[in-house]
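Asker: Sharing a structure, written as structure tokens. Questions coming.
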Amino acid sequence: MSTRHLLLGLLARGPHHGYELKRAHDDALPSAKPLAFGQVYATIGRLERDGLIEPAGSDQASGPERVSYRLTGAGRTELAQWLEAVETPAPHLGGALLEKVVVALLAADRQTATQYLVRQRAAHMARMRELTQIRQAATSVNEAAAADYTITHLDADLRWMQQTVSRVDALDKEIRS
């Protein structure tokens, strides 16, 4: 996730201060990793430094002064360019699961690699069951879509693990040759 662009998107709806931006993030993406206040304020500082946002006023109704920010023309342009850009699909082949299988083969043996895949499969299945319950109990389309997204990715991992279990012997021979 790009915190920079997320905050620009939230500010596209109008001026907000840091606390409002965090709350808007949490409301819009309830299933996402929560933003820390420090991350919000550090990003605001960089956005202002880069000329993408500017102060729009301040309020001190109750508590410390809160500065609201709004997008600049440059901020709107950057946001539009980011929204138009297509994300690069899986830039690297493999990933943490493959790395662990290969290291298990290098450092131990086929049985260790296979046992890892079996344990990982069980963890993925447990998480999929949790997410299925979350999806079924979802009170918003956002929550259901987030669960579906993760379930789909976990399902792809499960298919990969099944294929890899059947290839452990061949993979071991290839790595050791």
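Asker: Search segment 78-119 for residues being among the charged types (D, E, K, R) and in a helix (DSSP H, G or I), and hand back the single one that is surrounded by the fewest Cβ atoms within 10 Å (Cβ to Cβ).
Answerer: The extreme case among them is Glu84.
Asker: Please specify each residue of segment 24-47 satisfying the condition of being touching a strand residue (DSSP E or B) at 6+ places or on another chain (Cβ under 7 Å) and over 28 Å from Leu131 (Cβ atoms). First the steps, then the outcome.
Answerer: Step one: of segment 24-47, the residues touching a strand residue (DSSP E or B) at 6+ places or on another chain (Cβ under 7 Å) are 24, 44, 47.
Hits for segment 24-47 are Ile44, Leu47.
Asker: Among the residues of segment 65-118, write down those that are farther than 26 Å from Leu154 by Cα, among the acidic types (Asp, Glu) and free of Cβ contacts under 8 Å to residues at least 12 places away in the same chain.
Answerer: Answer for segment 65-118, where residues must be farther than 26 Å from Leu154 by Cα, among the acidic types (Asp, Glu) and free of Cβ contacts under 8 Å to residues at least 12 places away in the same chain: Glu65, Glu84.
Asker: Let me ask another. Might you let me know whether segment 62-83 holds any residue that is on the phi > 0 side of the Ramachandran plot and at pLDDT below 90?
Answerer: yes
Asker: OK, next. For residues that are within 16 Å of Tyr19 (Cα to Cα) and outside any strand (DSSP E or B), tally how many sit in segment 51-77.
Answerer: Number of matching residues: 6.
Asker: Applying the selection to segment 134-177, what residues are farther than 28 Å from Asp109 by Cα, surrounded by fewer than 16 Cβ atoms within 10 Å (Cβ to Cβ) and of a type in the set (S, T, N, Q)?
Answerer: Once the filter is applied, which keeps residues that are farther than 28 Å from Asp109 by Cα, surrounded by fewer than 16 Cβ atoms within 10 Å (Cβ to Cβ) and of a type in the set (S, T, N, Q), segment 134-177 yields Gln136, Thr139, Ser140, Asn142, Thr152.
Asker: I want to confirm something. Restricting to segment 1-18 and keeping residues that are exposed (fewer than 14 other Cβ atoms within 10 Å of the Cβ) and within 17 Å of Leu71 (Cα to Cα), which single residue is modelled with the lowest pLDDT?
Answerer: That would be Ser2.
Asker: Quick check on segment 120-130. Is at least one of its residues within 23 Å of His25 (Cα to Cα), touching a helix residue (DSSP H, G or I) at 6+ places or on another chain (Cβ under 8 Å), among the basic types (Lys, Arg) and surrounded by 14 or more Cβ atoms within 10 Å (Cβ to Cβ)?
Answerer: no
Asker: Out of the residues in segment 20-56 meeting the condition of being farther than 18 Å from Thr72 by Cβ and either charged (D, E, K, R) or more than 21 Å from the chain's Cα centre (by Cα) (or both), tell me which one is surrounded by the most Cβ atoms within 10 Å (Cβ to Cβ). Show your work before the answer.
Answerer: Taking segment 20-56 as the starting set, the residues that turn out to be farther than 18 Å from Thr72 by Cβ are 20, 22-42.
Subset that is either charged (D, E, K, R) or more than 21 Å from the chain's Cα centre (by Cα) (or both): 20, 22-23, 26-27, 33.
Numbers: Glu20: 17, Lys22: 20, Arg23: 14, Asp26: 12, Asp27: 10, Lys33: 7.
Ranking the qualifying residues of segment 20-56, first place goes to Lys22.
The values are calculated or read from the model by the stated rules, or taken from the named source; none is laboratory data. Bear in mind that the values here come from a model prediction, so they are computed numbers and not experimental data. Methodologically, a virtual Cβ is constructed for each residue, glycine included, from the backbone with ideal geometry; neighbour enumeration extends over all protein chains shown.
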